[in-house]
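Reading through the structure tokens given below for one structure.
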Amino acid sequence: MSRILHATRAWALAAAYPLITHAETPPPSAPADPGPAQSVPAPADGAQELPAINITTKKLDDARNQLLPETGSSAYHFNLSDIESMPLGENTPLNQVLLQAPGVVQDSYGQIHVRGDHGNLQYRINGVIIPEPITGFGQSFDPRFASQVNLLTGALPAEYGYRTAGVVDIQTKGTAFQNGGSVTATAGSNGFAEGALEYAGSSGDWNYFVSSSVLHSNIGIENPTSSRDPLHDTTDQTHDFVYLSRNLDADSRVSLIVGSSLNHFQIPDVPDQTPAYTLAGAQNINSATLNARQDEVNSFQVLTYQASPNDHVDYQVSLFHRYTDVHYEPDAVGDLVFLGNAATILRKTEASGLQADASDRISDTHTLRAGYFFEHERFGANDSSEVFPINAQGLQAGNLPITVEDSAHLYGSTFGFYLQDEWAPVTGLTVNYGTRFDRTDTVTDDQQLSPRLGLVLDLSDTLRLHAGYARYFTPPPTEIIGTTDIEKFAGTSGAVPGDANTSVKAERSNYFDIGLSEQLTREWTVGIDAYYRTVRDLQDEGQFGNALIYSAFNYARGIVNGVELTGTYKNGNLSGYTNLAYSHAVGEDIETGQYNFSAAELAYIANNYVHLDHDQKLSASAGLSYRMGATTLGGDALFGSGLRAGFANTQHLPGYMTINLDAVQHFKTASFGPFDVRLALINLFDRVYEIRDGTGIGVGAPQWGARRGVFVGLTKNL
């Protein structure tokens, strides 16, 4: 029986066992990835299993997978059993699941960085691009609704554009259902409590899946101090997801996806701070009792029609919509006294559009693919700041605040199309070549034609080579384009370091990737992958204000390269993996968003390549899982050599390693029926480590990793 257990969320480090499958490097003799259709939970004890998997549904699932090849890229797959086998089960947040892939680096606020990029991740559900939200503390997507999570990186085929550091494609639990579900209750350290419900079913031509969760914890954001219990750090979160599909006939179906998240966060306090400003009537303000908050709302909808009218043509057309907002409310007195700026910030973005993909197997050796994407977006910023007047010497000129209203609205559109051919000239060789054209019109009006080439070659029965080249075009995300009117803040405590403000540019890069995978034995598969990227107008992001609202800027030039080593092991009930990655990411000459930087920083970076703030030289992960009858034991280790810090990122934080353990026990009782209990121990040795120290380019505040935590979850199948 497949286990569906839950134990904690975003602040806990990721946990063990995914048997990560590399899509392009495993040789033909390696065990095949089961794929999403085979990853659906088995029925609960005593439940009725459907007499057979819906053949139409299975056929259309296979057809959808054919629309999006991975030839030449580096791809890692986590199926449902992989996620459930992690110490935190399906309650492992998505960013922590992805940390189990090589080249993925942990950052604060739940962020991850793939192969030396800041963000630049594209999220898809069933192959459809979901417009990106405004960056916040909370996770937008919950692995609970996933039957499989795929991470693609490297030299991607032509159907992938815009956000190309990594493509996260989530396959939903939307097919081949058995009627039933599960309910889960979880409790743990720091006041953690969560309830979750999943239910799935089929009736005739209809399939459906729903999931919902409610969470409370006293640790919502990383602690800004090394203490075990942060001050004023409570979070309340809800996540809901619905998948509904109907098979119209043997060759077509229509589906609807609806998802939402609502997250409330307190901003944690730092005790014993010294006031930097004087406010009339405010005395003895205690920095340990401030009450700043941030609320985040995300919702998305996708309506899809998919068809396979004959044995060689497949296509899918989707309409999508997404709304997201972030609302920061300051401590009206504390933010003024300690920061000189009490800013109420509201950012909203709404995007809608169309995506179409099609493939035609025109012969045994050629498959043509083409697609189109269009998105229209509206962005609004409504900020109101209380600031103090400042004199020419930079000193406070009065103790009564003044109000600065700063609002902006942007409208923009992005469209692109691609054409490519997958060619198999000889047995054991597949070549995918093509190009895409993209145009964006927001604060930037730009376009590019981007050729792509990828190949996979079986050098022997156990050795496989993949290689690729990609030209990338990355327009700046609308939600992080700076809209602040810096002139309004001149002569106040909210003034920025400079006055130069060149508009952010689209990034252009050349990406080269090559890798080998060898199946050493029936149990062991190992791989090595190397990449090199040259970048013009390299995009980066920084937090330059009070709220977690990031602003984009460009380096004129950038170089990113690295090497990744992977290994997986499977022998009966024992499974494991290990990853080691080296990364080097640097940029030179700040050419946009200069007002966020001091004159000294600008002068130094103008003539020196500097490490990007998210550049981490070494990262590693490893894990084991062993099943003994009704008991499963697991554990993992996560290592990082430290993110950058100091003036112009010339320093880095100390390295760290954390270890997590878990145990899952399946019970069968006459009165209560079957159920599972999970015990998870996070950060076993209570390692105290700092993710950020508040210094470095665009780093807003210090954050420390979670201390030791104990979590217990109980799941009852319905």
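The values are calculated or read from the model by the stated rules, or taken from the named source; none is laboratory data. The structure presented is a predicted model; accordingly, all values stated were derived computationally and were not measured. So basically every Cβ, Gly included, is an ideal-geometry build from the backbone, and we count neighbours across all protein chains shown. Quick note on the areas: whole protein, heavy atoms, side chains included, nothing else; ligands and nucleic acids left out. Shrake-Rupley method; radii C 1.70, N 1.55, O 1.52, S 1.80 Å.
For the range 78-115, filtering for residues that are open to solvent by less than 10 Å² (accessible area, probe 1.4 Å), more than 26 Å from G694 (Cβ to Cβ) and part of a helix (DSSP H, G or I) leaves 6. Being in contact with a Gly (Cβ under 8 Å, 6 or more places away or on another chain) and surrounded by fewer than 22 Cβ atoms within 10 Å (Cβ to Cβ) is a condition met by at least one residue of the range 496-507. Of the residues making up the range 438-462, just one is part of a loop (DSSP other than H, G, I, E, B) and open to solvent by less than 30 Å² (accessible area, probe 1.4 Å), namely T444. Tallying residues that are among the aliphatic types (A, V, I, L, M) and open to solvent by 40 Å² or more (accessible area, probe 1.4 Å) within the range 189-206 yields 2. Looking at S384, S359, just one residue is of a type in the set (S, T, N, Q) and surrounded by fewer than 22 Cβ atoms within 10 Å (Cβ to Cβ), and that residue is S384.
For the range 658-678, which positions are loosely packed, with under 13 Cβ neighbours inside 10 Å and either of a type in the set (G, A, S) or under 22 Å from L580 (Cα atoms) (or both)? Scanning the range 658-678 gives A670, S671.
Of all residue pairs spaced 6 or more apart or on separate chains, those with beta-carbon atoms under 7 Å, a first member in the range 239-261 that is of a type in the set (D, E) and a second member that is open to solvent by 20 Å² or more (accessible area, probe 1.4 Å) and in a strand (DSSP E or B) are D240/S212; D240/S260.
Within the range 646-678, the set of residues being assigned to a strand (DSSP E or B) and hydroxyl-bearing (S, T, Y) comprises Y656, T658, T669.
Based on what the data block shows, is V149 open to solvent by less than 10 Å² (accessible area, probe 1.4 Å), in contact (Cβ under 8 Å) with a residue 12 or more places away in the chain, within 30 Å of G587 (Cα to Cα) and outside any loop (DSSP other than H, G, I, E, B)? Considered against the rule, which asks whether it is open to solvent by less than 10 Å² (accessible area, probe 1.4 Å), in contact (Cβ under 8 Å) with a residue 12 or more places away in the chain, within 30 Å of G587 (Cα to Cα) and outside any loop (DSSP other than H, G, I, E, B), V149 comes out as no. Restricting attention to the range 509-538, the residues being in a strand (DSSP E or B), of a type in the set (V, I, T) and surrounded by fewer than 18 Cβ atoms within 10 Å (Cβ to Cβ) number 3. If I ask for residues that are touching a residue at least 60 places away in the same chain (Cβ under 8 Å) and farther than 30 Å from A397 by Cα, which ones from the range 276-306 would you list? Passing the criteria: Q294, E296, N298, F300, V302, T304, Q306.
Restricting attention to the range 233-273 and to residues that are in contact with a Gly (Cβ under 9 Å, 6 or more places away or on another chain), under 22 Å from V317 (Cβ atoms) and of a type in the set (V, I, T), the residue that is least open to solvent (accessible area, probe 1.4 Å) turns out to be I257. For the range 585-614, taking the residues that are touching a residue at least 60 places away in the same chain (Cβ under 8 Å) and within 24 Å of I112 (Cβ to Cβ), the one that is most open to solvent (accessible area, probe 1.4 Å) is identified as N596.
Conditions tested, residue by residue: (1) under 24 Å from the mean Cα position of the chain (by Cα); (2) within 30 Å of F338 (Cβ to Cβ); (3) crowded, with 23+ Cβ neighbours inside 10 Å.
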residue: R557; (1), (2), (3): no, no, no
residue: S583; (1), (2), (3): yes, no, yes
residue: Q616; (1), (2), (3): yes, no, yes
residue: L633; (1), (2), (3): no, no, no
residue: F639; (1), (2), (3): yes, no, no
residue: A648; (1), (2), (3): no, yes, no
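Select, from T435, T430, T414, the only residue that is closer than 23 Å to F320 by Cβ, touching a residue at least 40 places away in the same chain (Cβ under 8 Å) and either of a type in the set (S, T, N, Q) or surrounded by 17 or more Cβ atoms within 10 Å (Cβ to Cβ) (or both). Just one listed residue meets the conditions, T414.
Considering only residues that are free of Cβ contacts under 8 Å to residues at least 60 places away in the same chain, touching a Ser or Thr at 6+ places or on another chain (Cβ under 8 Å) and over 29 Å from A381 (Cβ atoms), which ones fall in the range 310-341? If the condition is that a residue be free of Cβ contacts under 8 Å to residues at least 60 places away in the same chain, touching a Ser or Thr at 6+ places or on another chain (Cβ under 8 Å) and over 29 Å from A381 (Cβ atoms), then V313, V317 are the ones that fit.
The set of residues in the range 679-693 being over 10 Å from N660 (Cα atoms), open to solvent by 30 Å² or more (accessible area, probe 1.4 Å) and not in a strand (DSSP E or B) consists of R687, V688. Regarding L538, is this residue farther than 30 Å from R508 by Cβ and modelled with pLDDT of 95 or more? Judged against the criteria, L538 is not a match.
Summed over the range 214-232, residues that are of a type in the set (S, T, Y), open to solvent by less than 40 Å² (accessible area, probe 1.4 Å) and either in a loop (DSSP other than H, G, I, E, B) or modelled with pLDDT under 95 (or both) total 1.
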